[in-house]
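Below you'll find the structure, written out as structure tokens, and then a few comments.
The values are calculated or read from the model by the stated rules, or taken from the named source; none is laboratory data. The shown structure was predicted, so the numbers you read here are calculated from the model rather than taken from an experiment. Quick reminder, even Gly has a Cβ in these numbers, built from the backbone with ideal geometry, and neighbours come from all protein chains shown. The accessibility values were calculated without ligands, DNA or RNA, using every heavy atom of the protein model including side chains. Shrake-Rupley method; radii C 1.70, N 1.55, O 1.52, S 1.80 Å.
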Amino acid sequence: MKLPYICSKNDCCCRNTGCDPGTDLPKIVLVGNPNVGKSSLFNSLSESYAVVSNYPGTSVEITRGKGRIGNREYEIIDTPGMYSLHPISEEERVSQRMLFGEKPYVCLHVVDARNLRRMLPFTVQLLEARLPLILVLNMMDEAEDRGIEIDRAKLSRILEVPVFGTVSSEKKGIEELKTAIADFKPSGKVPKIEYGKNIDPRLEEIEKRLEDAGNFGISKRALGLLLLQEDRTAFEKLREKGKEKGCEEKDCFGLQALAEEASKQADCPLTYLIALQRQTYVNGIMEQVMPDTDPGDTEGPGRRKEKSEAAAKKAKPGAKKIGLAENIDSILTHPVLGIPVLFLVLYFGLYRFVGVFAAGTVVDFLENAVFGEHINPWISAQFTALVPYPLLQDLFVGEYGIITQAVTYAIALILPIVGAFFLVFSIIEDTGYLPRLALLVDGMFKKIGLSGRAVIPMVLGFGCSTMATMVTRTLETKRERLISNILLALAIPCSAQLGIILSILSGNPKGLLIWAGVIILEFIFIGYLAAKVLPGKNPTFILELPPLRKPRLSNIAVKTYSRMHWYFLEVLPLFVMASVLIWIGKLTGLFALALKVMEYPTQWIGLPTDAAAVFLFGFFRRDLGAAGLYGMHDSGFLTGVQLVVAAVTLTLFMPCIAQFMMTIKERGLKTALAISGFIFPSAFLAGFIVNTLLDALGVVL
Amino acid sequence: MKTKSVLLPPTEPVRMKPGNTSLASMEPKKRGKISHLETKNPGILQKLMAMGVLPGMPVTLLRRKPSYLFEVDQTRYAVDREIADHIFVSY
Ligand SMILES: Nc1nc2c(ncn2[C@@H]2O[C@H](COP(=O)(O)OP(=O)(O)OP(=O)(O)O)[C@@H](O)[C@H]2O)c(=O)[nH]1
Ligand SMILES: [Mg+2]
């Protein structure tokens, strides 16, 4: 197994910039629809690693890596999936901008062979844009299982680009592809599609006006088509070019006016006309390369049945596999049966495995037996003997010391919990369960102003809300992105926090239920409120459901490892920094002062003053706060009620610094500050209410 | 963008024939063909077309609840009521 070299440029959670080749290597750019296997292919071609999961919208950032093909080095670029050159959501726009900006040596258009008819229009667009292209038909295994046969040689002749079949998850067909990349020569052919009287003359006009405007990265015809569809990036590009030419006007080439005029004259959106013409062109190609599967416009139901039976016979080996997946699928998406399945997944995956096993048994062993009884006493003794200065001793092996607190927490507490969580999570991701979950909850999510799609970043938020904040890009409206950012910052605990809380409360089922109930209520309440207050329409829901797939052990292992790796690198320096800050604070008396201040709200929610330190940690990082709570629980300071109150407050408490920074990046400083300013008091308010209620009802936990 | 609602393909006027319904009211498990799309909302229209939901494609409705689940060619899509109302089907 290749150990990944984890990095993706601009990635929040990973400051590893060393792998950005940044030189003048020839660029190989992977583009294509979501979930077709671009990142899998990237992993086979480059030395880097991009996350692979079975749902559309896994990659939301560009990942760069280096790869050797033949005896030459290349820069390989993985992009977020996009449905066409004319983007709708933000992650698609990231890819579009990249295509405009880079000068690729070759673009690999990756398509799902099963869905060639649907994806070829994008190939045609890329050709219209005059990008140097190789067409990669991926997922050939699944196509064969379904009896789909494609005449690749013919397809290649028609399009005049190389066409290759691959199974990128099994690294099949990669060598042939590599050879083709090394020998690649761009062809000059551009498909000539007629778009009709509303469009063609205007396209010509645009091309004429832009004749000496310079290079746009894509052909002027493709740019013209985007302009006619009033694409934002295309207009931006135009304005930039205008500025370079010293024109300060908004509409230098008069093209905005032209586009508006065109859409006024047509009796339906130009996007529609363009897409229909392109599909007609593609259907013509499909008839030649897959003669016995036309989309069904000319035949009666009788013939279709015959044909599908013939196809089924051909597909014998795969038919059983498909049948089983079908059956499981119909349970997962069932309006009634889907719910108990969800609870089973939560109970076994989250509670039993992460909460009880990893955060309970494993952590107990590592923290108390390994570190508590062996490693730490030994290091303390050695250190004290070697360094006779109490001041330094305090910094390294004191109560909040770098070794005794930071390293111990990071290795013995956080690592096993996030490791277990990421393991379960990878399995869930790779089966394709998440899109089914989205379908299941769409109705409920609409009540809090979100579409079912938003369940994906929400679930990812349990892993690391920083990562999830970035994934909200896949949501279509600003309003939806804002609501999900708020909920992520407020009510979604991260894996370490969740694991610790599950484990602390696992001996106390009533307390666990109260905690979960309060968090869910707050989630719904704030979401509902936000949906009411924020202007704008409720989002619509449309999502492609990929087939259920059997998770691959190697992918799960690499993914879990790479996520643990970055989490650890992220968490350790911050924990160490916290130890150092506390040490300085103690020297200057500031720590005591801060503790004194935090004691007020702490007492207010009915906790002993000692718990103030936990919240102080929580400011720093959620998981450090949770680790502090674990320590207090271990030493038996808190009663059952106090534990629940502390768990509630801490869960709703401040997002960590990394997430805060990411929210600034995605939403802007003002919004990020407003969200945090709201969260701090509201967390304590919730803690206060829970404490008062439990107290008034005389609950003993 | 235009907000006028026009039924396509533009060359042949599409009337609401019997057997011509929206996806939302289509009979489950029966095979149909997408006859046209509602063009009122350009955002939804663009998304549907980019994702491959286009006139002429065969379509089967699999579920109405908890969301509309349908199959076009080889791909499955989950949509809500609003989007399902944008897709028209003939048998
Ligand atoms: N059966 C099969 N599955 C594949 C193949 N290639 C990729 N997959 C699976 O398809 C899913 C999607 O793969 P990714 O590489 O994440 O797809 P992507 O194109 O990067 O997706 P986005 O980042 O969402 O755009 C994963 O579950 C892969 O394991 C293949 O050739 N055959
Ligand atoms: Mg990807």
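Per-structure values
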| quantity | calculated |
| --- | --- |
| Cβ-Cβ under 8 Å pairs, at least 6 apart or on other chains, the stretch A:678-694 side at negative phi and in the same structural domain as A:Gln642 (by TED's automatic domain parsing), far side among the aromatic types (Phe, Trp, Tyr) and loosely packed, with under 15 Cβ neighbours inside 10 Å | A:Phe684/A:Trp604; A:Phe688/A:Trp604 |
| From B:Ile44, B:Ile83, residue being at the interface with chain A (Cβ under 7 Å from one of its Cβ atoms), assigned to a helix (DSSP H, G or I) and touching a Phe, Trp or Tyr at 6+ places or on another chain (Cβ under 9 Å) | B:Ile83 |
| Sole residue being out of contact with any Phe, Trp or Tyr (no Cβ under 8 Å at 6 or more places or on another chain), in a helix (DSSP H, G or I) and either within 21 Å of A:Ile414 (Cα to Cα) or among the polar types (S, T, N, Q) (or both), chosen from A:Leu513, A:Leu502, A:Leu488, A:Leu498 | A:Leu488 |
| Test set (1) of a type in the set (Phe, Trp, Tyr); (2) more than 14 Å from chain B (Cβ to nearest Cβ); (3) more than 9 Å from ligand 1 (Cβ to nearest atom) - A:Phe42 fails condition number | (3) |
| Selection from the stretch A:199-228 of residues that are part of a loop (DSSP other than H, G, I, E, B) and open to solvent by less than 30 Å² (accessible area, probe 1.4 Å) | A:Ile199, A:Leu210, A:Ala213, A:Phe216, A:Gly217, A:Ile218, A:Ser219 |
| Candidates A:Val60, A:Val111, filtered to the one that is under 26 Å from A:Pro457 (Cα atoms), aliphatic (A, V, I, L, M), outside any loop (DSSP other than H, G, I, E, B) and not assigned by TED's automatic domain parsing to the domain that holds A:Trp566 | A:Val111 |
| Options A:Leu569, A:Leu607; residue that is in a loop (DSSP other than H, G, I, E, B) and surrounded by 14 or more Cβ atoms within 10 Å (Cβ to Cβ) | A:Leu607 |
| Some residue of the stretch A:590-601 being buried (at least 19 other Cβ atoms within 10 Å of the Cβ) and of a type in the set (Val, Ile, Thr) | no |
| Residue, most open to solvent (accessible area, probe 1.4 Å), within the stretch A:28-57, restricted to residues that are without any contact (Cβ under 8 Å) to a residue 60 or more places away in the chain and in a loop (DSSP other than H, G, I, E, B) | A:Glu47 |
| Those residues of the stretch A:267-284 which are touching a helix residue (DSSP H, G or I) at 6+ places or on another chain (Cβ under 7 Å) and either within 8 Å of chain B (Cβ to nearest Cβ) or open to solvent by less than 10 Å² (accessible area, probe 1.4 Å) (or both), in sequence order | A:Pro269, A:Leu270, A:Thr271, A:Tyr272, A:Ile274, A:Ala275, A:Gln279, A:Val282 |
| Qualifying position, being buried (at least 18 other Cβ atoms within 10 Å of the Cβ) and either within 13 Å of chain B (Cβ to nearest Cβ) or more than 16 Å from ligand 2 (Cβ to nearest atom) (or both), among A:Val106, A:Val60 | A:Val106 |
| Condition met for A:Ile514 (more than 21 Å from A:Gly461 (Cα to Cα) and buried (at least 17 other Cβ atoms within 10 Å of the Cβ)) | yes |
| Meets criteria (away from ligand 2 (no atom under 16 Å from the Cβ) and either open to solvent by 10 Å² or more (accessible area, probe 1.4 Å) or modelled with pLDDT of 95 or more (or both)) for A:Leu116 | no |
| Condition broken by A:Tyr409, with the remaining ones in (1) within 14 Å of chain B (Cβ to nearest Cβ); (2) part of a helix (DSSP H, G or I) satisfied | (1) |
| Selection status of A:Leu137, away from ligand 1 (no atom under 14 Å from the Cβ) and within 14 Å of chain B (Cβ to nearest Cβ) | no |
| Residue count for the stretch A:71-86, restricted to those that are within 14 Å of chain B (Cβ to nearest Cβ) and either more than 16 Å from ligand 2 (Cβ to nearest atom) or hydroxyl-bearing (Ser, Thr, Tyr) (or both) | 4 |
| Residue within the stretch A:179-194 that is open to solvent by less than 10 Å² (accessible area, probe 1.4 Å), of a type outside the set (Phe, Trp, Tyr) and within 16 Å of ligand 2 (Cβ to nearest atom) present | no |
| Residue in the stretch A:68-89 that is assigned to a helix (DSSP H, G or I) and of a type in the set (Phe, Trp, Tyr) present | no |
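Here's the yes/no breakdown for (1) within 26 Å of A:Leu227 (Cα to Cα); (2) of a type outside the set (A, V, I, L, M); (3) modelled with pLDDT of 90 or more; (4) assigned by TED's automatic domain parsing to the domain that holds A:Lys178:
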position	(1), (2), (3), (4)
A:Ser48	no, yes, no, yes
A:Gly70	no, yes, no, yes
A:Tyr105	yes, yes, yes, yes
A:Leu126	yes, no, yes, yes
